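Below you'll find the structure, written out as structure tokens, and then a few comments.
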Amino acid sequence: MKIVIGLLLSAALLIIPAFGQTSFKGCPAQGRRNKSKSNPKGTVPTREQGLNVRKNRGTAPPVSNIDNKITLASLIKAKEETSLDFKKAVTVTAFVADVKDGEPGESCNCGRDDLKDIHIAVVANEADRANSKKHVIFEITPRFESKLGSFAEVRDQIEGKWVQFTGWLTYDYKHRANASNRRKKGNIWRVTAWEVHPVTSFEIVGPPQ
């Protein structure tokens, strides 16, 4: 176990320069936690910095990075951080079950209330719209809102519709305990810890034939 954790931390360290971005509205890609007495500088732990850098990728993936073999079914099945490759991107079609304004205060957005992701829950089958245990989470970050729209604009465009999304893969290890493909009991509100985050483009399409 110690060896595995060490390898994950090493990978996180390597990811930071590999996907380093410029700051966005004063928030570095590594993010920042809210300052407190115990953390006066708002320091983000190394592994979380790596996650934040992946969430804060600011460019659309080149065609060479898009793995067309990865489908929504692949994401639903993927349980572990090693199941897929977060250096890859995907183009997948899904039904949009819900669009919510993201939570303020996340370290990827430097703990700020004015920087929030757009939280999109998608499903493989429209009939599963109300079953959060089958939701896959896609997110639009503040870096892409000028291109893709505000929360209200995105919600009005895509909620309740079939949409083709393109974006980067991210494994949010913080939500492993919330994934139904790993646990059957507890606070389960998604199917997998794998996400498309950030979404870099989307297009409304018809339902699959």
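Results, tabulated for the structure shown:
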quantity	calculated
Sorted by Cβ density within 10 Å, fewest first, the residues 136, 196	136, 196
Net lengthening on full extension, residue 114/residue 88 (0.36 nm per residue, minus Cα-Cα)	6.5 nm
Spin-label proximity, residue 182 to the range 67-98 - amide N less than 13 Å from point 7 Å beyond Cα toward beta carbon	78-84
Any cysteine of the chain lacking a neighbouring Cys Cβ under 4.7 Å - listed by number	108
Within straight-line cross-link reach of residue 185, lysines at Cα separation under 25 Å, skipping those fewer than 8 residues along the same chain	77, 79, 100, 133, 134, 174
Percent of beta bridges antiparallel (DSSP, the range 61-204, rounded to nearest 5)	85
Helix 46-55 vs. the chain, principal-axis angle (Cα, 0 to 90°, nearest 10)	40
For the chain, Kirkwood radius (reciprocal of mean inverse C-alpha pair distance, Å)	17.4
Cα pair distances exceeding 20 angstrom across the range 102-199, given as percent	39
Fewest-first ranking of 66, 158, using other Cβ atoms within 10 Å as the exposure measure	66, 158
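Values quoted throughout were computed directly from the atomic coordinates according to the rules given, and no laboratory measurement underlies them. If you're wondering where the values come from, they're calculated on a predicted model, not measured in any experiment. Using ideal geometry, Cβ is built from the backbone for each residue, glycine included, and neighbour counts are taken over all protein chains shown.
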